[in-house]
1. Given 10 °C and 1.306 mPa s, compute D for the range 3-56 with the Stokes-Einstein relation, Rh being the Kirkwood radius over Cα pairs; round to the nearest whole µm²/s.
2. Give me the dipole magnitude in Debye, nearest 20, for the chain about the Cα centre, with unit charges on the beta carbon: positive for Lys and Arg, negative for Asp and Glu.
3. Considering only DSSP beta bridges where both residues belong to the range 2-176, give the percentage that are antiparallel (nearest 5).
4. Mind checking which of LEU138, TYR112, ILE73 is farthest towards the positive end of the range 24-160's charge dipole, using Cβ charges of +1 (Lys, Arg) and -1 (Asp, Glu) about the Cα centre?
5. Which whole-number percent is the relative contact order of the chain (Cα, under 8 Å, 6+ apart)?
6. Relative contact order for the range 60-100: what percent, with Cα pairs under 8 Å and sequence separation of 6 or more?
7. Please report, in debye to the nearest 20, how large the charge dipole of the range 76-166 is about its Cα centre when each Lys and Arg carries +1 at its beta carbon and each Asp and Glu carries -1 there.
8. What is the spin-label model distance, in nm, from LYS106 to ASP123 if the labels are put 7 Å beyond Cα along the C-beta direction?
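Derivation of every value follows stated rules applied to the coordinates shown; laboratory data play no part. Quick caveat, the model's predicted, so the values are computed rather than measured. Glycine gets a Cβ as well: all are built from the backbone with ideal geometry, and neighbour counts include every protein chain shown.
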Amino acid sequence: MLLTKISSGEFGGRSLNLPPQSVTRAISAKVRSAIFNTLDVEGRIVLDLFAGGGTLGFEALSHGAEKVTFVDISDRAIKTLKQNATDLDVEKRIYIKKMDVKKYAKDLGLKYDIIFLDPPYKDFNNALVKTASNLLQLGGILVVSCSSRSFVEEPDDTLELDEKNYGDTKIVYLQKQ
């Protein structure tokens, strides 16, 4: 079984299980650290799309997020998310939804403070960015993770705050206006 560690916060140093790489691509510890050195997630409501093993969402909980919703379509990812939640004893602070990200986002009345959009690189497209941005509260932040070769189109109702490359990974921060 693949493992990674939460970089810091309440659960810093604790291990997380990861689904096989054939199911998901985990974001590196270096990139996660950079994201959480940039974001203030304390008390925020967070959505982790294409969650995989939940490294971004569990890191957000470790940094004080109030609630995290994890969405993934893979049975193995859902099983891994449930195991990680049990291991960290955070079941009351999370929701796990086994469904397609586009279906989850359709007609959803909920709005989030922070959304992590980390699809498989081959599945990235700007329609996903637009869909995810529609789930943000005013002032909320969408963190897009994609290949450094991808172009992230800023939806009309967002403002790009920052864009950084870490090897083959690009992280773009968009804020709902």
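1. It comes out at roughly 132 µm²/s.
2. That gives the chain a dipole magnitude of about 560 debye.
3. Roughly 50 percent of the DSSP beta bridges within the range 2-176 come out antiparallel.
4. The one lying farthest along the dipole's positive direction is ILE73.
5. 17
6. Reported as a whole number, the value is 54 percent.
7. Rounded to the nearest 20 debye, it is 640 debye.
8. Placing both labels 7 Å beyond Cα along the Cβ direction yields 1.6 nm.
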